[in-house]
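Input: a single structure, listed below in structure tokens.
The values are calculated or read from the model by the stated rules, or taken from the named source; none is laboratory data. Since this is a predicted model, take the numbers as computed values, not measurements. Quick reminder, even Gly has a Cβ in these numbers, built from the backbone with ideal geometry, and neighbours come from all protein chains shown.
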Amino acid sequence: MIERAGGSAVRIPAARMLIDGQWCDGIEGRLIAVHDPATEEKIAEVVAATAADVDRAVQAAHRAYESPSWQKMRPLDRGRLLERLALLIERDADDLARLETLDNGKPYGVSRNVDMKFAMDALRYYGGWSSKMAGEYIQLSPFFDDGGTYRAYTERRPVGVVGGITPWNFPLGQAVQKLAPAIAFGCTVVLKPSEEASLTTLRLGELILEAGFPEGTVNIVTGYGHEAGQALVDHPLVRKIAFTGSTLTGQKILAASARTMKRVTLELGGKSPTIVLADADLDQAIPGAANAIFPNSGQVCTAGSRLLVEASIFDEVTQGVARLAQDLKLGSGFDPLVQLGPLVSARQLDRVSALVAKGIEEGAEPLCGGARDAGRGYFYRPTVLSGGRPDMQIAHEEVFGPVVLAMPVQDPRDIKALANDTAYGLGASIWTRDINKAHLLAAQLDCGTVWINTHNVLDLAMPFGGTKLSGLGREFGTEVIHAYTEPRAVCMRLETSAFD
Ligand code: NDP
């Protein structure tokens, strides 16, 4: 147990892994220390899984996948497993949210009302899909006449064993986002959370056992990406990798997957623009632009990290966003008044600090923030940089921190080019009162999601993913069926003379 302010006692899961329905140690016994990002105190250890550990987990997932009982399980009953898990998360949501806050740093209110709610919703949303897999019935046109008539049908088959590799910004939500569709569509899973934030995924393992998931259907290995993650990607029995994380790691996974021709879905980085047109309702657009970047301390792949504002309202908008940023209270996620927690790790703090320092060196002017917070913990002050130019490094690299770069737009006809001037293509928001401008501009943006007069609204019913270096494939919505299943065509010949 770890004690935190406000009398919160947080139970820490043991440093073990879930393989074949059993909690077990790593073969080599190596452990990784886990730190509270708000205090830098060591709070736990997790196993550093080796390739041999990953092999055990994949073999278990493969046996579970091939087992007659899993193959024959009614789709509705797979959905019931997910519903039972949702009910257990609901029961333990306060505990799980405290653990997420301790491990990741985000404010408890966010862990409880965003992360836990998303996890429960995702289990229920995908649970519903389990019984809705359907194929097609197709009439064929053979180029020969053998006295028969040809028909075919397709059925959607689960891809098999899925490797789910997840990041640290929404740890429990991301784990559920990978396991729920896999189970719904009849796959089995090996999850590998980020070593920066594995604890709620391990607690999820306890609930998976309690919910009665058959042995081996969900396995959890912890450890380093280059070791455990890589072993999962290289394993020939893993048929698909579902990954969320950096573009660089996504590229490595894509290249490595070629060897075994794995299916991959990659949900990667972004440099999403928040576009404020001169006719926007600024009472909405200014808080909207702040909300696009600062929640979760900017560690959100769709964060609006480039603020493109028409020149006539540039000062009013940027100063308004800076005022809101300055008012945000930074501190321990266990303090109910805190709005921004720390960044997840010292490494992430160094990365954000270096990118902002380089931006300032290149001529950006901080209207607020621009530095880490004094004292212990990986805190970075919410930052608005004005005077942005497209040639700056910070205009192109994902910061993944509470930092927005503002750029004035002199001519509205330049907006499309400026917005699309990025290697990424995840999201964008447009703030305007003019419905014509909103839809015409939306059609010109090269990205997976465009929001109009809002930002960061993700919904399980709406497909989510990116173009360009932001990824491959889509999660959520009906699109997810294609990510976890493949069609199998069955072709038959009917004897036309059967009733002669
Ligand atoms: P990574 O992409 O390295 O980590 C994401 C996951 O991939 C983790 O579980 C990681 O394991 C694992 N991983 C790392 N290397 C490999 C590999 N070779 N094969 C298989 N799995 C691997 O992100 P970082 O934590 O390094 O963060 C760096 C940057 O990535 C951030 O600053 C941000 O810009 C971006 N990012 C984007 C996210 C998004 O939501 N799109 C989420 C997180 C980060 P482990 O962490 O244990 O090494």
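Numbers at a glance
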| read-out | value |
| --- | --- |
| Any pair with Cβ under 6 angstrom, 6 or more apart, that starts in region 477-500 at a residue that is exposed (fewer than 11 other Cβ atoms within 10 Å of the Cβ) and ends at one that is in a loop (DSSP other than H, G, I, E, B) | none |
| Complete set of residues in region 378-398 that are under 17 Å from L328 (Cβ atoms), surrounded by fewer than 24 Cβ atoms within 10 Å (Cβ to Cβ) and not basic (K, R) | F379 |
| The one condition in (1) closer than 14 Å to C301 by Cα; (2) part of a loop (DSSP other than H, G, I, E, B) that D421 fails to fulfil | (1) |
| Some residue of region 447-459 being at positive phi, in contact (Cβ under 8 Å) with a residue 60 or more places away in the chain and touching a strand residue (DSSP E or B) at 6+ places or on another chain (Cβ under 7 Å) | yes |
| Tally, over region 429-476, of residues that are farther than 22 Å from Q284 by Cβ, aliphatic (A, V, I, L, M) and surrounded by 15 or more Cβ atoms within 10 Å (Cβ to Cβ) | 3 |
| Selection status of R74, closer than 21 Å to Y484 by Cα and either assigned by TED's automatic domain parsing to the domain that holds I208 or surrounded by fewer than 18 Cβ atoms within 10 Å (Cβ to Cβ) (or both) | yes |
| Count - residues of region 142-169 that are polar (S, T, N, Q) and within 10 Å of the chain's Cα centre (by Cα) | 2 |
| Only one of G225, G270 that is crowded, with 23+ Cβ neighbours inside 10 Å, modelled with pLDDT of 95 or more and more than 22 Å from P158 (Cα to Cα) | G270 |
| Strands (runs of 3 or more DSSP E) within region 252-352 that include 1 or more residues under 20 Å from the mean Cα position of the chain (by Cα) and more than 16 Å from the ligand (Cβ to nearest atom) | 272-276 |
| For K106: the one exception among (1) touching a helix residue (DSSP H, G or I) at 6+ places or on another chain (Cβ under 8 Å); (2) of a type in the set (D, E, K, R); (3) away from the ligand (no atom under 16 Å from the Cβ) | (3) |
| Identity of the residue in region 170-200, over 14 Å from the mean Cα position of the chain (by Cα) and within 11 Å of the ligand (Cβ to nearest atom), that ends up nearest to L123 (Cα to Cα) | S198 |
| Selection count, region 263-315, where residues are farther than 25 Å from A38 by Cα and either touching a Cys at 6+ places or on another chain (Cβ under 6 Å) or of a type in the set (G, A, S) (or both) | 9 |
| Region 351-371 - residue that is small (G, A, S) and out of contact with any helix residue (DSSP H, G or I) (no Cβ under 9 Å at 6 or more places or on another chain) and, of those, farthest from M392 (Cα to Cα) | S353 |
| Residues being away from the ligand (no atom under 16 Å from the Cβ) and within 25 Å of H62 (Cα to Cα) - total across region 136-169 | 7 |
| Some residue of region 205-221 being of a type in the set (S, T, N, Q), surrounded by 21 or more Cβ atoms within 10 Å (Cβ to Cβ), within 14 Å of the ligand (Cβ to nearest atom) and at negative phi | no |
| Residue within region 228-236 that is more than 10 Å from the ligand (Cβ to nearest atom) and over 20 Å from the mean Cα position of the chain (by Cα) present | yes |
| Subset of region 383-404 [over 21 Å from the mean Cα position of the chain (by Cα), closer than 19 Å to L248 by Cβ and not β-branched (V, I, T)] | Q393, A395 |
| Candidate set from region 437-470 (those that are small (G, A, S) and under 14 Å from L277 (Cβ atoms)); member that is nearest to the chain's Cα centre (by Cα) | A442 |
| Residue match in region 13-20 (condition: over 25 Å from the mean Cα position of the chain (by Cα) and over 22 Å from N169 (Cα atoms)) | yes |
| Residues satisfying the stated conditions in region 353-378, i.e. in a loop (DSSP other than H, G, I, E, B) and within 16 Å of the ligand (Cβ to nearest atom) | Y378 |
| Strands (runs of 3 or more DSSP E) (entirely within region 11-95) containing at least 3 residues that are closer than 30 Å to D335 by Cα and not aliphatic (A, V, I, L, M) | none |
